[in-house]
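Notes for the one structure printed next.
The values are calculated or read from the model by the stated rules, or taken from the named source; none is laboratory data. Computed from a predicted structure; not experimentally measured. Cβ: placed from backbone, ideal geometry, glycine included. Neighbour counts: every protein chain shown.
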Amino acid sequence: MKETAVVACLLAELSLAAFVLASEGATRCPALCRCEIRPWFSPSSIYTEAATVDCNDLGLSALPERLPLETQVLLLQTNNIVNVEKTLDYLANITEIDLSQNNISSVSDVCLGSLPQLLSLHMEENWIQELSDGCLASLPNLQEFYINHNLISSISPGAFRGLGRLLRLHLNSNRLTRINSQWFQQLPSLEILMLGENPILELSDMNFKPLANLRSLVLARMNLTEIPDNTLVGLENLESISFFDNLLNRVPRAALTRVQNLKFLDLNKNPIERIQRGDFMDMMHLKELGINSMPELISIDSFALNNLPELTKIEATNNPRLSYIHPRAFHKLPRLETLMLNSNALSALHRSTVESLPNLREVSLHSNPIRCDCVIRWVNMNRTAVRFMEPDSLFCVEPPEYQGQHVRQVHFREMMEICLPLISPGSLPDRVEVGKGSSVSLHCRAFGEPEPEIYWVTPPGDRVLPGSVSDKYYMHPEGTFDIYDASEQEAGSYTCIAHNLVGADLKSVMVVVDGYFAEPSSQPLHVYITSVQSHSVMVSWESAGGLVSQLNWSVLAGGTGLLLPFTARLPADVREYHIKQLRPSTRYQVCVEVTAAQSGYNRDCVNVTTKEAAVPREKPENWDGVVMAACAVFFIVVAVACSVIYTSLYSQVFYRKLIVDPDETLLIPSDNSSFSSSFLEFGASGVKVRATVIDLPDNSM
């Protein structure tokens, strides 16, 4: 009995040892690899912990012979694997395999077997050149496929057959030259598609129409020059799109109207020159807009962003030439909270721009060349609740007296309420080269208060006003000047002039057509004095192809020295100037300098002496007063004569009446009748009168 019991115990121990050894063999980690439980996020961003086998960067040329059965995540990144010959279908729980940064040249060489639980497959940075039909059909539940940074130049129409549950597809950084909508017929659930950094020659209408559930589309760095109007048709649920770092020279506004549910738009790093009126309009769900790092962006014009009821953030930063934002650039943006404008070439931001945004909370304006004058004075008036981000980096660059000071430290009372126009320095280059028959746009923008008006002067001296149209020119209301079908006749210097009630500013640009520009005229500059008064002189000058003119006048002291210099900058089409507030009997030197882009400048001076001050002289008789006085004397004489005549006639009548009817009048002499004069009382017609009678001869009556 004892021997039987010992044998039974021995057999039990051997069985247990064999089971333990078998168990240990089933969970043994491959040599040099690390097996551990690690955090893991599913394609739908659900966090869990997964049994992970990490064989990264081991120089492996093939997969390990055997992997633990419980493996969920297999990492084989940065090895020398060329193909996978043995299937992995014994791994019932495998959810992710990473084969990136190996030497795989074809997906067909990777025989993974049937893996119904596999959700993510990484094959980026290999040497794959094509995707053949049904190359992933054995992975029916795959949700993420990363095959970016390969050499793929060809994709068969049925390459993604069997991937009906795929949510994310990364095809960026390959060698695709076209996009075929048939690729996407088998991907009804796709939500994220990345196609950037492929040398796509052009996009076509309906390229993405089968992707009705797509939410994010990345078309970055593809050298796209335009987006056809119907390219995005069918993307009814698209929420985010990126055109980062392409060659778009205008906003693809028509294409964007096809994606009504768009929330995030990235146009960063495109050579767009202007954000024009209506470029972003009626995009009812747009929340964030990125127009950063645009090397050619100069201005954001009036009503460029219009009726965007859900927009909360605008990023327009690091644009080296963005020097102007129109006061009415933003219209009907009731929810905008953040306006990022730092690191541009802005000299100011209009107060009305900020006041048009009722929900604005913060503005980033630092690292701009701020001009501390009337346009920016609202910043320090404490009438806004807007917070300025990084205020310590907000400095005045102009005028010189405020240079280097913090904008918030310059009291608004030190800034004028009105100020001269200032043409944005970054809006116009000094020279523009264009090919014959091509078109070119010259952009001129100016800040000032009141808001300045802009016009252009052509090389022949013609003034072109906003809205003017010809076969060769058109000037936009914003200040942009278009030249069509350029020829040698259009070559030359064009001058932009901005003016308001305070004054004017001007800037010229030389247009060169196929290396040709108008040669400066050999005609010398001549300055004339056409009128001289005691306190003013009229100056005129003649110059061919006049460009920017500068007028200087100074007092000549002692015949040689110059005192009290004064300067006036004049538009190119001005050929006459009235200098006022001069001193009488003073000798002045007046100089005119006409600047040309190629030949420097012409200069001519003339000396002039103002007239003597008029000596005060006695005023000549005021003949008007004499005539009036004579008339008055005449009327007085006539009045006196009439009075005397009337009195004489009346006395005669009275006397005759007294003789004819003595009873009608009673004369009562006074008691003392011998006096030379006496008082008489007489009554006539019942009226009693007291009078003084002077002794007269008897016949005097």
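Quick one: in the stretch 307-326, which of the residues that are buried (at least 18 other Cβ atoms within 10 Å of the Cβ) and among the β-branched types (Val, Ile, Thr) is nearest to residue 350 (Cα to Cα)? The residue in question is 325. Does residue 362 satisfy the criteria of being closer than 19 Å to residue 395 by Cα, without any contact (Cβ under 8 Å) to a residue 60 or more places away in the chain and surrounded by fewer than 20 Cβ atoms within 10 Å (Cβ to Cβ)? Here the answer is yes, as residue 362 does meet what is asked.
Of the residues that sit in the stretch 212-226 and are more than 31 Å from the chain's Cα centre (by Cα) and surrounded by fewer than 19 Cβ atoms within 10 Å (Cβ to Cβ), which one is farthest from residue 124 (Cα to Cα)? Spell out the reasoning first.
Step one: filter the stretch 212-226 for residues more than 31 Å from the chain's Cα centre (by Cα), giving 212-214.
Filter once more, keeping what is surrounded by fewer than 19 Cβ atoms within 10 Å (Cβ to Cβ): 212-213.
Working: 212: 26, 213: 25 Å.
Checked the stretch 212-226; the qualifying residue farthest from residue 124 (Cα to Cα) is 212.
Residue-wise test of (1) within 28 Å of residue 368 (Cα to Cα); (2) of a type in the set (D, E, K, R); (3) at pLDDT 85 or above.
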| site | (1), (2), (3) |
| --- | --- |
| 413 | yes, yes, no |
| 430 | yes, yes, yes |
| 435 | no, no, yes |
| 442 | yes, no, yes |
| 447 | yes, no, yes |
| 451 | yes, yes, yes |
| 455 | yes, no, yes |
| 465 | no, no, yes |
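Among residues of the stretch 534-568 being under 18 Å from residue 578 (Cα atoms) and among the β-branched types (Val, Ile, Thr), the one that is modelled with the lowest pLDDT is 548. What's the number of the condition residue 59 fails, among (1) surrounded by 14 or more Cβ atoms within 10 Å (Cβ to Cβ); (2) over 22 Å from residue 138 (Cα atoms)? So residue 59 meets the others, but not (1).
To keep it simple, each residue is scored yes or no on (1) within 24 Å of residue 275 (Cα to Cα); (2) aliphatic (A, V, I, L, M); (3) crowded, with 18+ Cβ neighbours inside 10 Å.
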| residue | (1), (2), (3) |
| --- | --- |
| 454 | yes, yes, yes |
| 457 | no, yes, yes |
| 462 | no, no, no |
| 465 | yes, yes, no |
| 471 | no, no, no |
| 478 | yes, no, yes |
| 484 | yes, no, no |
| 487 | no, no, no |
| 497 | yes, yes, yes |
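Every test in (1) in contact (Cβ under 8 Å) with a residue 24 or more places away in the chain; (2) over 21 Å from residue 300 (Cα atoms); (3) not in a strand (DSSP E or B) is passed by residue 478 save one, and that test is (2).
Selection of the stretch 413-472 for residues being in a strand (DSSP E or B) and within 14 Å of residue 348 (Cα to Cα) yields 419, 420, 421, 422, 423, 446, 447, 448, 449.
Tell me whether the stretch 90-107 contains one or more residues that are surrounded by fewer than 21 Cβ atoms within 10 Å (Cβ to Cβ) and within 20 Å of residue 196 (Cα to Cα). Checking the stretch 90-107: at least one residue is surrounded by fewer than 21 Cβ atoms within 10 Å (Cβ to Cβ) and within 20 Å of residue 196 (Cα to Cα). You will find that of 341, 336, the residue that is touching a Phe, Trp or Tyr at 6+ places or on another chain (Cβ under 9 Å) and either of a type outside the set (Ser, Thr, Tyr) or under 19 Å from residue 267 (Cβ atoms) (or both) is 336 and no other. One residue stands out in the stretch 62-75 among those that are modelled with pLDDT under 95 and hydrophobic (A, V, I, L, M, F, W, C): the one that is surrounded by the most Cβ atoms within 10 Å (Cβ to Cβ), namely 63.
When the residues of the stretch 593-609 are filtered to those that are of a type in the set (Val, Ile, Thr) and modelled with pLDDT under 85, the one that is surrounded by the fewest Cβ atoms within 10 Å (Cβ to Cβ) is 595.
Looking at the stretch 442-500 only, could you name the residues that are of a type in the set (Phe, Trp, Tyr) and within 24 Å of the chain's Cα centre (by Cα)?
Taking the stretch 442-500 first, the residues of a type in the set (Phe, Trp, Tyr) are 447, 455-456, 473-474, 481, 484, 494.
Answer for the stretch 442-500, where residues must be of a type in the set (Phe, Trp, Tyr) and within 24 Å of the chain's Cα centre (by Cα): 447, 455, 456, 473, 474, 481, 494.
So if I check each of 423, 376, 418, 370, which one is at pLDDT below 75 and closer than 26 Å to residue 499 by Cα? Write out each step before concluding.
Details: 423 fails: at pLDDT below 75; 376 fails: at pLDDT below 75; 370 fails: at pLDDT below 75.
On inspection, the qualifying residue turns out to be 418.
Scanning the stretch 250-306 for residues that are crowded, with 23+ Cβ neighbours inside 10 Å and of a type in the set (Ser, Thr, Tyr) yields a total of 1.
The number of residues in the stretch 131-172 that are surrounded by fewer than 19 Cβ atoms within 10 Å (Cβ to Cβ), within 22 Å of residue 232 (Cβ to Cβ) and either touching a residue at least 40 places away in the same chain (Cβ under 8 Å) or of a type in the set (A, V, I, L, M, F, W, C) (or both) comes to 1.
Only a single criterion out of (1) assigned to a loop (DSSP other than H, G, I, E, B); (2) crowded, with 21+ Cβ neighbours inside 10 Å is not satisfied by residue 209, namely (2).
Has the stretch 150-157 got at least one residue that is closer than 17 Å to residue 73 by Cα and either touching a helix residue (DSSP H, G or I) at 6+ places or on another chain (Cβ under 9 Å) or assigned to a loop (DSSP other than H, G, I, E, B) (or both)?
We begin by selecting, within the stretch 150-157, every residue closer than 17 Å to residue 73 by Cα; these are none.
Taking every residue of the stretch 150-157 in turn, none turns out to be closer than 17 Å to residue 73 by Cα and either touching a helix residue (DSSP H, G or I) at 6+ places or on another chain (Cβ under 9 Å) or assigned to a loop (DSSP other than H, G, I, E, B) (or both).
Is it true that residue 255 is assigned to a loop (DSSP other than H, G, I, E, B) and hydrophobic (A, V, I, L, M, F, W, C)?
Working: assigned to a loop (DSSP other than H, G, I, E, B): no; hydrophobic (A, V, I, L, M, F, W, C): yes.
No, not satisfied.
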